[in-house]
């Protein structure tokens with residue numbers, strides 16, 4: 001009897017210790033990743049932020065978010081629901097971010113593209129199509145529908161200058177706000193594989209009024225939602241073959257000078273200039289950049305960086321493209 005009682009107390013102790021670690025410290029990723037199920041849209045979707053199509057009503061809901069801030073594993077005040085659809089061209093995310101104050105609870109201070117993190121209400125989704133667990137692309141929006149996108153490496157190095165072609169629309173109500181994302185498959189790099197497809201994915205929301213940061217799946221407070229070792233698995237996708245992805249950014253400059261000399265002679269000097277940049281994603285591993293008659297007057301200089309790590313620094317392209 002005494003041995004049984006001692007064994008029971010030991011089990012309760014270690015269980016308590018594990019729960020305390022989950023609430024206040026780091027914890028390892030689940031041995032079995034959470035599943036996010038995507039289903040094919042049967043009808044065309046109107047990207048208006050309202051999520052009133054039949055396909056959205058029938059899509060599975062992901063809502064088991066985990067509080068990262070202000071208190072790890074605390075009770076979530078602002079509930080979030082996410083649904084995932086796809087068709088032959090796009091991957092769609094339908095989001096509802098609940099707020100008891102509705103429109104009055106919205107906090108947005110920065111309406112620029114690539115707005116500053118931490119100043120606004122934000123919902124964002126991270127994708128790891130190659131399942132590297134060290135890299136992700138992030139698509140983010142506010143209740144007003146402005147966009148922010150970036151690449152993250154090892155949850156530490158981030159390329160905020162990365163821009164992709166995608167759409168998002170939002171719709172505010174008295175119970176919160178909706179967001180509807182449409183991300184073209186051609187804006188993502190992935191390999192077309194036979195059989196079941198599975199991508200790493202995380203969701204996160206920042207409710208700025210209470211600075212409540214939540215994520216799905218559970219990620220320790222010491223990391224960020226870009227930590228893809230904790231990612232769930234997005235399943236159910238039927239991927240199209242990676243298509244040609246070419247972006248062109250031409251420009252034309254025209255300078256016209258009218259000169260009058262001291263003796264009254266007049267002359268006109270015209271100087272047109274034509275050029276541009278082309279970016280071609282050859283495949284999921286290679287990108288070809290071509291520039292013609294580059295206008296370096298429109299490019300910023302590289303930022304000064306003090307490298308105190310053993311890793312090389314890769315400077316982003318500073319020209320607007």
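A short reminder: the numbers here are calculations on the coordinates, not readings from a lab. Model, not experiment: these values are computed from the prediction. Cβ atoms come from the backbone with ideal geometry, glycine included; neighbour counts cover every protein chain shown.
Summary table below
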{"item": "Between helix 2-24 and the chain: long-axis angle, C-alpha atoms, 0 to 90°, nearest 10", "result": "20 degrees"}
{"item": "Exposure proxy order (Cβ contacts within 10 Å, fewest to most) of 142, 170", "result": "170, 142"}
{"item": "Mean residue ellipticity (222 nm) of the chain, computed from DSSP H runs ≥ 4 via -39,500 (n - 2.57), nearest 500", "result": "-3000 deg cm²/dmol"}
{"item": "Rh (Kirkwood; distinct C-alpha pairs) - the chain, Å", "result": "22.6 Å"}
{"item": "Cut-off 18 Å, label 7 Å out along Cα→Cβ of residue 58, residues of segment 30-50 by amide N", "result": "37-46"}
{"item": "For 112, 169, order by how many other beta-carbon atoms lie within 10 Å, fewest first", "result": "112, 169"}
{"item": "Spacing of the two label points (7 Å from each Cα toward its C-beta) at residue 278 and residue 28, in nm", "result": "5.1 nm"}
{"item": "Most fluctuating residue given options 150, 111, 101, as computed from a GNM of the chain linking Cα atoms under 10 Å", "result": "101"}
{"item": "Debye-sum result for segment 23-177 in log10 I(q)/I(0), which assumes one identical scatterer on each alpha carbon, at q = 0.14, 0.17, 0.18 Å⁻¹", "result": "-0.84, -1.28, -1.44"}
{"item": "In nm, spacing of pseudo-spin labels at residue 134 and residue 37 (7 Å Cα→C-beta vector)", "result": "3.4 nm"}
{"item": "16 Å cut-off, amide nitrogen to a point 7 angstrom out along residue 194 Cα→Cβ, residues in segment 203-243", "result": "239, 241"}
{"item": "Bridge type composition, the chain - antiparallel percent by DSSP, nearest 5", "result": "95 percent"}
{"item": "Isotropically averaged projected area of segment 183-285, using the convex hull of Cα atoms (one quarter of hull area), nm²", "result": "14.2 nm²"}
{"item": "Cα centroid separation - segment 41-104 against segment 106-122, whole Å", "result": "19 Å"}
{"item": "Where a label projected 7 Å from the Cα of residue 100 along Cα→Cβ would reach, residues of segment 178-222 with amide N under 13 Å", "result": "210"}
{"item": "Residues 280, 199, sorted so that the one with the fewest Cβ neighbours within 10 Å comes first", "result": "280, 199"}
{"item": "Space enclosed by the convex hull of the alpha-carbon atoms of segment 66-153, per residue, Å³", "result": "136 Å³"}
